[in-house]
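Participant: Got a structure for you, written out below as structure tokens; questions coming shortly.
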Amino acid sequence: MLSKSSAYAIRAVLYLSLYSNEERKCSPKEIADIINIPAPFLAKILQVLAKNRLISSTKGRNGGFYLTEKNRLNSLISIVDCIDGLDKFQECLLGLPICSNVYPCPIHHAISPIRKKLIEELTFKTIDDLTQEIKDGNTYISL
């Protein structure tokens, strides 16, 4: 249900959460190399996130991308919304133009609770929450 762009954005923001701060900034190439994402594509994603103030950046010789304490409190849904919008969560997985509880596609009732749970997780989990899961060794963003 997440596009590649949104997935890359979340992984990159989590990398920034782990390894950046106002004194240590990261370049798109550094992030891309570590989490195995195409650097030019990632650079565009990071620019969009910075423009929408979901991450921070500075230009110049010691510039790069980083997260402030405020950035770390953003929800995952804010990242997805910034990159792709939220319409994707309403689209029929089978591609039907109308799919609802009234006019369900064949898999609507199976997907609906999963979609609802995903939206809840993305809404209530912050960058800090997922960063802590990585630090605890329960999850990872690269191999």
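Participant: Note down the net charge around Tyr8, summing +1 for each Lys or Arg and -1 for each Asp or Glu among other residues with Cβ under 13 Å from its Cβ. Kindly include the intermediate steps, with their values, before the conclusion.
Facilitator: On the way: positive: Lys4, Arg11, Lys44; negative: Asp84.
That sum, taken over residues with Cβ under 13 Å, equals +2.
Participant: When the chain is fully extended, how far beyond the present Cα-Cα distance does Ile34 get from Asn62, taking 0.36 nm per residue of separation? List each step's numbers first, then the result.
Facilitator: Details: separation 28, 0.36 × 28 = 10.08 nm, distance 1.96 nm.
Length gained, Ile34 through Asn62: 8.1 nm.
Participant: Now a separate question. Please identify every one of the trypsin sites (Lys or Arg not before Pro) in the range 1-107 that sits in a loop by DSSP and has no more than 15 other beta carbons within 10 Å of its own beta carbon.
Facilitator: Working: sites: Lys4, Arg11, Arg24, Lys25, Lys29, Lys44, Lys51, Arg53, Lys59, Arg61, Lys70, Arg72, Lys88; in loops: Arg24, Lys25, Arg53, Lys59, Arg61, Lys70.
For trypsin sites (Lys or Arg not before Pro) across the range 1-107 that sit outside H, G, I, E and B with at most 15 neighbouring Cβ atoms in 10 Å, the list reads Arg24, Arg53, Lys59, Arg61, Lys70.
Participant: A follow-up question, please. So which aspartates and glutamates pass the test for Lys125, namely a Cα distance under 19 Å, with those fewer than 8 places away in the same chain ruled out?
Facilitator: Glu69, Asp81, Asp84, Glu133, Asp136
Participant: Also, quick follow-up: Enumerate by residue number the chymotrypsin sites (Phe, Trp or Tyr not before Pro) in the range 53-143 meeting two conditions: DSSP loop (anything except H, G, I, E, B), and at most 11 other Cβ atoms within 10 Å of the site's Cβ. Write out the running numbers ahead of the final one.
Facilitator: On the way: sites: Phe65, Tyr66, Phe89, Phe124, Tyr140; in loops: Tyr140.
Answer by residue number: Tyr140.
Participant: Restricting to DSSP H runs of at least four residues, report the calculated mean residue ellipticity at 222 nm for the chain, -39500 (n - 2.57) per run over all residues, nearest 500 deg cm²/dmol.
Facilitator: Numbers: 6 runs with 72 residues, N = 143.
Computed mean residue ellipticity for the chain: -15500 deg cm²/dmol.
Participant: Which residues in the range 104-119 place their backbone N less than 11 Å from a point set 7 Å from the Cα of Leu93 along the Cα-to-Cβ direction?
Facilitator: Flagged as within label range: 106-116.
Participant: Would you mind checking the tilt of helix 108-124 against the longest principal axis of the Cα atoms of the chain, expressed as 0 to 90 degrees and rounded to 10?
Facilitator: Value to nearest ten degrees: 30.
Participant: Next question. Say the cut-off is 21 Å between C-alpha atoms; which of Lys4/Lys29; Lys51/Lys117; Lys29/Lys135; Lys25/Lys88; Lys4/Lys88 go over it? Walk me through the numbers on the way to the answer.
Facilitator: Numbers: Lys4/Lys29 18 Å; Lys51/Lys117 29 Å; Lys29/Lys135 23 Å; Lys25/Lys88 32 Å; Lys4/Lys88 13 Å.
In this structure, Lys51/Lys117; Lys29/Lys135; Lys25/Lys88 exceed 21 Å between Cα atoms.
Participant: Would you mind calculating the relative contact order of the chain from Cα pairs under 8 angstrom and at least 6 residues apart, reporting the percent as a whole number?
Facilitator: Details: 169 pairs, mean separation 40.7, N = 143.
Once divided by the residue count of the chain, the mean separation gives 28 percent.
Participant: Just subtract the alpha-carbon distance of Asp129 and Lys116 from 0.36 nm times their residue separation and send over the number in nm, one decimal.
Facilitator: On the way: separation 13, 0.36 × 13 = 4.68 nm, distance 1.95 nm.
Stretched fully, the Asp129-Lys116 segment lengthens by 2.7 nm.
Participant: Next question. Fewest first, what order do Val13, Val48, Val102, Val80 take by the number of other Cβ atoms within 10 Å?
Facilitator: Working: Val13 28, Val48 15, Val102 6, Val80 25.
So the ranking, lowest neighbour count to highest, is Val102, Val48, Val80, Val13.
Values quoted throughout were computed directly from the atomic coordinates according to the rules given, and no laboratory measurement underlies them. Bear in mind the structure is a predicted one, so any value in this text is a computation, not a measurement. Positions of Cβ are backbone-derived with ideal geometry, glycine not excepted, and every protein chain shown enters the neighbour counts.
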